[in-house]
Amino acid sequence: MPRGVRYRELDWFLLGVVLLVAAVGLLEIYSTTVNHPRFANMHLRQLTWVGLGLVVMLVVARLDYHTLLDQAPWIYVATLGGLVAVLVLGREIFGARRWLEIAGYTFQVSEVAKWSIIVVLAKFLGELRSEVLTLKDMAKVAVLVGVPIVLIAAQPDLGTALTLVPIAATGVFLAGLRWKHAAVLALVAVLLLPVGWYLLKPYQRERVVAFANPGHSPQGSGYQTMQSKIAVGSGAFWGKGMGKGSQNQLGFIPVRHAEFIVAAYAEEQGFAGVLLALGLYLTLLLRLLHNAETAADRSGALLVTGVFSLLAFHLLVNVGMVLGWMPVTGIPLPLLSYGGSATLSTFMMLGLVMSVRMRRFVNL
Amino acid sequence: MDLHAEPRLPSSRLALLRYGIAAVGVLLLVGFWQLQVVRSDYYAELAERNRIRTLPLMAPRGLIQDREGRTLVDHVPTFSVILIREHIGGIQDALPAIARGLNLEPAALKARLEEFKEAPPYQPIVLKNPATLADIAFIEAHRIDLPELELLLMYRRRYPPGGFGAHLFGYVGEATPEEIAAESYQLGELVGKMGLERHYNHILMGANGERRVIVDSRGKEVDKLDQKKPVPGRPIRLTLDYDVQLAAEQALAGRQGAVVALDPRTGDILAMVSHPGFDPTLFATRIPPEQWRALTEDPAKPLLNRVIQAQLAPGSVFKIVVATAALEEGLFDRPFSVYCPGWANHYGRTFRCWVPQGHGLVNPHRAIVESCDVFFYQVGRQLGIERISRYARQFGLGSATGVDLPAEAGGLVPSPEWKQRVQKQPWYDGETISVAIGQGPIMVTPLQLAYAAGGIASSGVFARPRLLLEPATPPQVRRVSLKPESVTFLTDALWGVVNENGTGTAARLPEIDVAGKTGTAQLVGFDTLRRVGGRPTRTLVENAWFVGLAPRRNPEIVVVVLLEHGEHGAAAAPLARDVIKAYYDKKNSAGARQLAGLPSAAPPEKN
């Protein structure tokens with residue numbers, strides 16, 4: 001470790017907020033699963049994942065992120081290779097090939113792809129030597145991000161594929177996207193929506209229809225949205241108390257320990273609890289932006305903003321789904337939702353942030 | 001600025017991101033505020049509706065028993081498929097699957113839901129009753145995706161097989177909107193629609209209870225909240241005697257007509273049969289429209305309870321009334337004989353006797369025994385229509401007897417005043433001659449005839465016919481003053497009908513004092529039917545009547561038999577004999593048992 005780079009340079013404030021958010025998540029996972037023998041001890045398993053995540057974070061933080069950036073081309077190639085391997089060799093579960101099996105462990109390559117795209121984009125955009133982004137550079141970004149998006153969407157896993165878009169958008173925006181180009185891009189996106197509709201699989205269309213018309217199918221995603229809103233609304237200001245939410249305890253909230261954990265939390269802890277949790281999450285995100293500002297170089301800053309945009313996107317889409325504003329997708333809320341690989345991957349990204357943070361005074 | 005140095009990220013854009021994420025945070029908070037503070041009451045109610053399910057507890061209807069406590073109508077527990085509508089989210093999309101799974105017509109299912117649109121949401125809809133094993137399997141297999149389907153324990157009415165007593169018992173069905181408005185029933189409740197089920201619905205029908213339970217998202221019950229116990233309906237005990245009823249059913253043996261037997265001392269109806277009948281079990285659930293149409297459009301009118309609803313000319317049976325009137329009016333106080341050559345001329349028209357060659361010189365006794373028409377033409381002419389109608393009405397003809405059954409018909413006893421009012425025509429004296437032998441514009445029901453004959457033979461004590469023994473009500477008795485000599489003379493003549501060379505010898509029973517009177521009547525003519533609003537079916541076909549009484553004075557049993565279409569009075573007599581025999585056989589064997597110190601075959605009566 002170079003001189004001046006010590007663990008005491010870690011962002012302790014950020015770590016504190018992260019642990020608080022994770023604690024809120026653990027409590028609610030406990031509450032959603034404690035009365036269901038099938039899910040027994042899920043909170044303990046999540047606790048293990050958080051512990052493992054912290055170790056991974058510290059290991060990644062120790063790494064100089066420049067070393068990682070230097071490996072960006074290989075990381076990119078490996079990621080594409082992995083995504084292709086999933087399509088060819090992947091295990092099919094519920095009609096989708098998303099998992100690779102390595103030594104008995106199933107492994108979701110697209111989860112790693114998010115991480116590698118952050119690194120690749122930070123490398124590419126960080127090395128641009130101009131204040132504004134040229135059309136040629138934009139085209140290169142489009143190709144860099146477009147290929148993995150198509151590969152992931154082909155699994156099919158449109159939700160995860162779409163998470164790459166905000167990473168690219170934030171990166172491009174910070175790297176000097178012209179307002180004029182931004183406007184054109186927005187317009188093209190709007191015009192492409194109907195085309196996108198034709199590319200959707202029937203079950204995906206169904207979800208969109210159900211979203212636009214809740215109550216359409218009693219057990220479909222419209223029903224899930226409805227039950228989620230009932231859970232949130234019936235929680236009222238002070239909540240029903242931990243372990244006492246009927247929507248939660250009687251199983252009306254779908255996947256209540258994972259994707260819909262915010263609905264269960266809002267039911268039992270009320271608006272007051274939501275204020276606390278959302279406050280913590282926003283503090284976390286703002287702290288990331290602060291770290292981007294204090295980063296020693298452009299690439300480091302872009303790494304941090306990449307992590308920021310990914311988490312912000314998850315927050316918006318997941319909570320938007322709980323509130324009934326967004327269609328039902330499998331996008332969890334990192335650090336709150338139950339899930340091993342998602343938790344590990346989040347801590348790995350926080351490790352990147354820490355690595356940048358610890359080297360903010362290092363003159364290269 | 002060092003050209004080789006990396007340009008840093010523009011802090012203005014970083015600031016924009018900061019504002020952006022703050023805006024997202026505020027936006028989400030507003031969303032939570034909207035749900036958790038502004039509309040929290042609404043969602044709290046939905047959450048309650050989610051977790052609390054109200055399930056009805058069905059009350060069984062009361063049993064119907066005969067006078068000895070033998071159960072005639074009971075119920076069997078069955079499962080029915082119900083649809084719970086408290087569930088959040090529309091049901092419309094699930095309807096095709098439900099229709100397929102339960103083997104229901106999709107259109108009928110939709111209509112059924114439409115029917116209950118205005119009902120409160122906690123009230124479930126019965127979709128199918130009884131549920132088949134396949135239905136139960138379907139529901140259990142689809143607990144998760146169709147949690148709105150549930151099984152409900154119900155009690156299905158069970159009637160005797162073969163339409164036994166069908167008109168008497170009637171049937172139950174779901175309350176119609178009109179009944180709901182009139183009687184404050186609930187939508188979907190089973191209520192009596194016809195017969196005793198309808199008349200004594202207030203006794204037979206219980207009050208359903210309900211149970212509130214907490215269910216999970218699969219509709220599985222996890223806890224109980226509270227329950228209101230159902231109150232079962234109370235039983236009724238009828239005046240009917242199963243053995244006599246059975247004899248009556250067997251005597252009629254599926255011929256079109258009716259048999260009624262009653263005890264004129266109390267008005268207790270011992271048997272009541274009408275054919276053709278129907279199977280009330282068909283109505284225990286929703287009757288298919290084709291079957292309903294078949295029943296209502298059958299020209300033989302199987303739904304008609306002929307005992308109280310067939311309004312027919314009584315024919316010669318009416319001579320009982322005319323003879324009593326003549327006796328009371330003193331017509332026979334002086335020697336009164338009429339020569340019958342087989343016909344007579346009255347008011348310029350020829351009236352025939354049923355015996356073409358004539359009866360010769362007949363006195364009142366022989367006139368009744370042999371049913372001489374020519375004799376009664378003369379009696380009718382001397383009495384006049386006013387007096388005939390007055391006596392007929394006094395004896396209960398031409399108006400409902402007030403038996404405890406719904407929709408009893410009144411019949412018709414004509415008078416000049418009636419003809420003027422309804423037909424706007426004066427009375428023709430020739431009509432009096434027809435009425436004197438029970439033809440023309442006169443219509444009675446079998447029950448009215450039994451009531452009238454029983455009352456006259458009981459010296460003017462008319463007990464209103466009734467079917468309910470318990471809960472007990474005192475017999476409703478009306479007294480008409482009659483001279484003892486009139487009653488003696490008449491009942492002796494009626495005994496002669498059966499036991500001398502009369503028209504009713506087929507009703508004779510050894511050692512039993514049977515009296516009676518036959519009647520052969522043309523079905524009411526076209527114009528008469530139209531006058532009273534009926535629908536003409538067949539014209540000028542003859543009906544056979546027989547009124548039997550035993551013993552002849554103060555009878556214990558009066559039996560009226562009606563055989564429709566193409567029969568002659570004598571043909572009805574053996575039916576009455578069978579019913580009377582059944583009554584006496586039972587009575588005698590019970591007496592013999594008592595003498596021998598054996599327990600009675602039937603359970604002892606209460607009190």
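The values are calculated or read from the model by the stated rules, or taken from the named source; none is laboratory data. These numbers were taken from a predicted model, which means no experiment stands behind them. Ideal geometry is used to build each Cβ from the backbone, glycine not excepted, and the neighbour counts take in all protein chains shown.
The figures follow:
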read-out	value
Residues (within 11 Å of chain B (Cβ to nearest Cβ) and touching a residue at least 40 places away in the same chain (Cβ under 8 Å)) located in the range A:232-244	A:Val232
Tally, over the range B:448-479, of residues that are modelled with pLDDT of 95 or more and β-branched (Val, Ile, Thr)	2
Search result, residues across the range B:406-431 that are closer than 11 Å to B:Thr445 by Cβ and touching a Gly at 6+ places or on another chain (Cβ under 7 Å)	B:Gly410, B:Gly411, B:Leu412
Some residue of the range B:294-301 being over 21 Å from the mean Cα position of the chain (by Cα) and free of Cβ contacts under 8 Å to residues at least 24 places away in the same chain	no
Unique match (being within 19 Å of the chain's Cα centre (by Cα), touching a residue at least 40 places away in the same chain (Cβ under 8 Å) and in a helix (DSSP H, G or I)) among B:Phe283, B:Phe318, B:Phe278	B:Phe283
Index of the failed condition, B:Phe375 passing every other in (1) in a strand (DSSP E or B); (2) within 30 Å of B:Pro484 (Cβ to Cβ); (3) not β-branched (Val, Ile, Thr)	(1)
Count of the range A:249-268 residues which are free of Cβ contacts under 8 Å to residues at least 60 places away in the same chain and within 15 Å of A:Val24 (Cβ to Cβ)	3
Out of B:Leu187, B:Leu149, B:Leu153, B:Leu168, sole residue that is away from chain A (no Cβ under 14 Å) and under 25 Å from B:Lys220 (Cβ atoms)	B:Leu153
Tally, over the range B:51-81, of residues that are within 14 Å of chain A (Cβ to nearest Cβ), more than 14 Å from B:Ile125 (Cα to Cα) and among the charged types (D, E, K, R)	1
Where A:Gly306 falls short, out of the listed (1) over 14 Å from the mean Cα position of the chain (by Cα); (2) more than 9 Å from every other protein chain (Cβ to nearest Cβ)	(1)
Close pairs (8 angstrom Cβ cut-off, 6 or more residues apart or separate chains): closer than 15 Å to A:Ala266 by Cβ and within 7 Å of chain A (Cβ to nearest Cβ) in the range B:16-40, polar (S, T, N, Q) and crowded, with 19+ Cβ neighbours inside 10 Å anywhere	B:Ser40/A:Ser234
Hey, B:Arg143 surrounded by fewer than 19 Cβ atoms within 10 Å (Cβ to Cβ), of a type outside the set (Asp, Glu), within 14 Å of another protein chain (Cβ to nearest Cβ) and within 36 Å of the chain's Cα centre (by Cα) or not	no
From the options B:Leu238, B:Leu225, B:Leu262, B:Leu270, residue that is over 18 Å from the mean Cα position of the chain (by Cα) and in contact (Cβ under 8 Å) with a residue 60 or more places away in the chain	B:Leu225
Identity of the residue in the range B:387-441, touching a strand residue (DSSP E or B) at 6+ places or on another chain (Cβ under 7 Å) and assigned to a helix (DSSP H, G or I), that ends up modelled with the highest pLDDT	B:Ile433
Residue selected from the range A:309-350 under the condition in contact with a Lys or Arg (Cβ under 9 Å, 6 or more places away or on another chain), more than 13 Å from every other protein chain (Cβ to nearest Cβ) and not in a helix (DSSP H, G or I), by the criterion modelled with the lowest pLDDT	A:Thr329
Per-region count, the range A:174-208, residues crowded, with 19+ Cβ neighbours inside 10 Å, at pLDDT 85 or above and either more than 12 Å from chain B (Cβ to nearest Cβ) or assigned to a helix (DSSP H, G or I) (or both)	1
Residue check, A:Val262 more than 8 Å from chain B (Cβ to nearest Cβ), surrounded by 18 or more Cβ atoms within 10 Å (Cβ to Cβ) and of a type in the set (A, V, I, L, M)	yes
Output for the range A:239-289, where each listed residue is of a type in the set (Gly, Ala, Ser) and part of a loop (DSSP other than H, G, I, E, B)	A:Gly239, A:Gly241, A:Gly243, A:Gly245, A:Gly251, A:Ala258
Index of the failed condition, A:Glu293 passing every other in (1) crowded, with 24+ Cβ neighbours inside 10 Å; (2) free of Cβ contacts under 8 Å to residues at least 60 places away in the same chain; (3) among the charged types (D, E, K, R)	(1)
Close pairs from the range B:392-407: first in contact (Cβ under 8 Å) with a residue 24 or more places away in the chain and aromatic (Phe, Trp, Tyr), partner assigned to a loop (DSSP other than H, G, I, E, B) and surrounded by 16 or more Cβ atoms within 10 Å (Cβ to Cβ), Cβ under 8 Å, at least 6 apart	B:Phe395/B:Val480
Residue within the range A:253-272 that is in contact with a Pro (Cβ under 7 Å, 6 or more places away or on another chain), modelled with pLDDT under 90 and among the small types (Gly, Ala, Ser) present	yes
